[in-house]
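To start, the structure under review is shown below, and the notes come after it.
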Amino acid sequence: MNGQRFYKLILIFKIMLDPDINFFMLEALNMADLAFQNNEVPVGAIIVKDRKIIGKGFNQVIQHHSVSSHAEINAIYDAGQTLQNYRLIDCDLFVTLEPCHMCAKAIVDARINSLYFGAMEPKTGAIQSIDFFLDHDHLNHKVKYSGGYMSNQSANLLKKFFKSRRN
Ligand SMILES: [Zn+2]
């Protein structure tokens, strides 16, 4: 197969998959909204296996008195309970904001298949902003990733939250 045909095929696959990605990203945004309603920085995450949501989480650092209670960590915990397994084989994670280093390592350790994230996080984002953590050679599991899904909605929710706190 020549390069151009291969590229077209990839594009067709992406278009086929995109409605799903947007659907699940919307679910992650709903979780971010829950964080907002709980006066937590609005970040939400969900975990999907075989097109079913098996884990959900939102940022709860204040409620849980825990710096580790990020949306991704909570969703990974929830999915682990669902599967009764600490390894989330063939699972994808959708999160509204680019993950930090802590969450990126947890995503690797949980053996997540693909990571889809929304807005970029220029200060702490470990996937593409301040680091390309998932691309490091020493990792024993490779996570596929792509970002920018519904990033405006995610960023606007964060802006609204920080604006409401200043008032
Ligand atoms: Zn994090």
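Bear in mind these aren't lab numbers, they're just calculated from the coordinates by the rules spelled out. Since we're looking at a predicted model, the values are computed, not measured. Ideal geometry is used to build each Cβ from the backbone, glycine not excepted, and the neighbour counts take in all protein chains shown.
What pairs come up if the first residue lies in the range 59-86 and is crowded, with 17+ Cβ neighbours inside 10 Å, the second is among the aromatic types (Phe, Trp, Tyr), and their beta carbons are under 8 Å apart, counting only those six or more places apart or on different chains?
Close Cβ pairs (under 8 Å, with a partner that is among the aromatic types (Phe, Trp, Tyr)) amount to Ala71/Phe58; Asn74/Phe58; Gly80/Tyr86.
So which residues in the range 60-75 are under 14 Å from Pro42 (Cα atoms), in a loop (DSSP other than H, G, I, E, B) and more than 9 Å from the ligand (Cβ to nearest atom)?
Gln60, Val61, Ile62, Gln63, Ser69
Taking the range 38-55, which residues are away from the ligand (no atom under 16 Å from the Cβ) and either of a type in the set (S, T, N, Q) or part of a strand (DSSP E or B) (or both)?
Quick first cut of the range 38-55, residues away from the ligand (no atom under 16 Å from the Cβ) only: 38-39, 48-54.
Asn38, Asn39, Val48, Lys49, Lys52, Ile53, Ile54, listed by residue number.
It is to be established whether one or more residues within the range 122-145 are of a type outside the set (Lys, Arg) and touching a residue at least 40 places away in the same chain (Cβ under 8 Å). Don't jump to the end; show me each part of the working.
First, the residues of the range 122-145 that are of a type outside the set (Lys, Arg): 122, 124-141, 143, 145.
Still in the list and also touching a residue at least 40 places away in the same chain (Cβ under 8 Å): none.
Scanning the range 122-145 turns up no residue that is of a type outside the set (Lys, Arg) and touching a residue at least 40 places away in the same chain (Cβ under 8 Å).
Return the residues of the range 77-109 that are more than 13 Å from the ligand (Cβ to nearest atom) and part of a loop (DSSP other than H, G, I, E, B); say none if nothing qualifies.
Gln84, Asn85, Tyr86, Arg87, Leu88, Ile89, Asp90
Given the condition in contact with a helix residue (DSSP H, G or I) (Cβ under 8 Å, 6 or more places away or on another chain) and more than 15 Å from the ligand (Cβ to nearest atom), answer yes or no: does some residue in the range 119-133 qualify? Break it down stepwise before answering.
Pass one, the range 119-133, residues in contact with a helix residue (DSSP H, G or I) (Cβ under 8 Å, 6 or more places away or on another chain): 119-120, 124, 126-127, 131, 133.
When the remaining residues are screened for being more than 15 Å from the ligand (Cβ to nearest atom), the result is none.
Within the range 119-133 (the criterion being in contact with a helix residue (DSSP H, G or I) (Cβ under 8 Å, 6 or more places away or on another chain) and more than 15 Å from the ligand (Cβ to nearest atom)), the answer is no, since none of the residues qualifies.
What number goes with the only condition from (1) at negative phi; (2) in contact with a His (Cβ under 6 Å, 6 or more places away or on another chain); (3) surrounded by fewer than 24 Cβ atoms within 10 Å (Cβ to Cβ) that Cys103 does not pass?
Going through the list (1) at negative phi; (2) in contact with a His (Cβ under 6 Å, 6 or more places away or on another chain); (3) surrounded by fewer than 24 Cβ atoms within 10 Å (Cβ to Cβ), Cys103 breaks only (3).
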